[in-house]
Each structure stands twice: as C-alpha cells, then as structure tokens.
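Visitor: Below are the structure tokens for one structure; questions will follow.
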Amino acid sequence: MDPVVMAAGTALVGAMATDAWQQVRAGLTGLWRRRRPDEAPLVEAELDEMREVVLTARGSGDTATEQALTGVWQLRLQQLVAADSAAAEALRHLHENLLVPALDANAQDRPGTVVMKATANDSAQVNQVGGNQFNIRTS
C-alpha cells in the first residue's frame, strides 16, 4: 500500500476527533467530488458516521476501533488513488496541508503505520524498532 495512503488514512481518523473536522471533511469530500463525483454523497455520509464512532471509541478508550477504522479508510483511499495518479498527488497535498495540521502536536510527530521486513541468515541478528527501544540488561 502506498505510504501516503497509509499516512492519510491514519491522519484522517485522527482528525475526526478534532475541532478542524469540518475543514477536513470538506477537503476529503471535495477530493472525491473531483475524482468520483457519483460516490461523493456516500463518502460524505460515511465520514459523518465514522466520526461518531471515533468520538465514542475515544470516549471509552477503545483504540482497537480506531485502528480498524484507520484500516477501512486506508483501503478506501487506496482504491481512490490506485488508477488515478492525479488523485494520488491530490491526496498527498491534502495530507500535508489539511490532515496533518488538523492533528494535535503529538499525533503530528507520530508515524501512522510502520511496515518493517527483515531476514536474518546464518548467525545474523535483526533488531527492528517502530518507536523507542530500551535495552535492559541484568547481571
């Protein structure tokens, strides 16, 4: 999956719980209207429904629901940009100029999704870190 799609899907779900939601919603539905106008009303309705789900999940500390919704929107965005390079560039612009600025400072610095792959052969050792790594050694 395109890294911009992954980051935009994550930022979109994060922005659903912010004061900037109306601008984010308008930006995303505008993107859909320009690329797939027949789907725009459905996307607009889904965004409103999903926002309510995110707000409820945040209120109860349900991070699994937010992660699931992130996956849903990453898939939707991937489908939108898959056959349209102009849509991919428009999504990149939307991500950088609207989605990320809508997030609080902590969320802006946090990567949305990290995908790491490694192969160790023979006696090799691989260490991968998607956040902070702490080495604790005891004697």
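Visitor: Residue under question is R33, and the condition is that it be of a type in the set (K, R), under 17 Å from E89 (Cα atoms), open to solvent by 10 Å² or more (accessible area, probe 1.4 Å) and in a helix (DSSP H, G or I); does it hold?
Guide: On the way: of a type in the set (K, R): yes; under 17 Å from E89 (Cα atoms): yes; open to solvent by 10 Å² or more (accessible area, probe 1.4 Å): yes; in a helix (DSSP H, G or I): yes.
The answer is yes for R33.
Visitor: Moving on. So, of the residues in the range 54-67 that are open to solvent by 60 Å² or more (accessible area, probe 1.4 Å) and not small (G, A, S), which turns out to be farthest from A7 (Cα to Cα)?
Guide: Top of the filtered list is T56.
Let's see how each residue does on (1) more than 17 Å from A88 (Cβ to Cβ); (2) touching an Asp or Glu at 6+ places or on another chain (Cβ under 6 Å); (3) among the hydrophobic types (A, V, I, L, M, F, W, C):
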| site | (1), (2), (3) |
| --- | --- |
| P3 | no, no, no |
| L12 | no, no, yes |
| A15 | yes, no, yes |
| Q23 | yes, no, no |
| E44 | yes, no, no |
| L47 | yes, no, yes |
| L55 | yes, no, yes |
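Visitor: On the basis of being of a type in the set (V, I, T) and open to solvent by 30 Å² or more (accessible area, probe 1.4 Å), does V81 make the cut?
Guide: On the way: of a type in the set (V, I, T): yes; open to solvent by 30 Å² or more (accessible area, probe 1.4 Å): no.
In short, no.
Visitor: What is the number of the single condition among (1) among the acidic types (D, E); (2) open to solvent by 60 Å² or more (accessible area, probe 1.4 Å); (3) at pLDDT 90 or above that D109 does not meet?
Guide: (3)
Visitor: Next question, about the same structure. When you scan the range 45-68, how many residues do you find that are of a type in the set (D, E, K, R) and under 13 Å from L12 (Cα atoms)?
Guide: To start, the set of residues in the range 45-68 that are of a type in the set (D, E, K, R) comprises 46, 48-49, 51-52, 58, 62, 66.
If we keep only those that are under 13 Å from L12 (Cα atoms) as well, we get 46, 48, 51, 66.
Residues meeting the conditions: 4.
Visitor: In the range 89-106, which residue that is at pLDDT below 90 and among the small types (G, A, S) is surrounded by the fewest Cβ atoms within 10 Å (Cβ to Cβ)?
Guide: A105
The values are calculated or read from the model by the stated rules, or taken from the named source; none is laboratory data. Predicted model only: the values in this text are computed from it and were never measured. Here Cβ is always computed from backbone atoms with ideal geometry, including for glycine, and neighbour counts include all displayed protein chains. Calculation scope for accessible area: heavy atoms of the full protein, side chains included, ligands and nucleic acids excluded. Shrake-Rupley method; radii C 1.70, N 1.55, O 1.52, S 1.80 Å.
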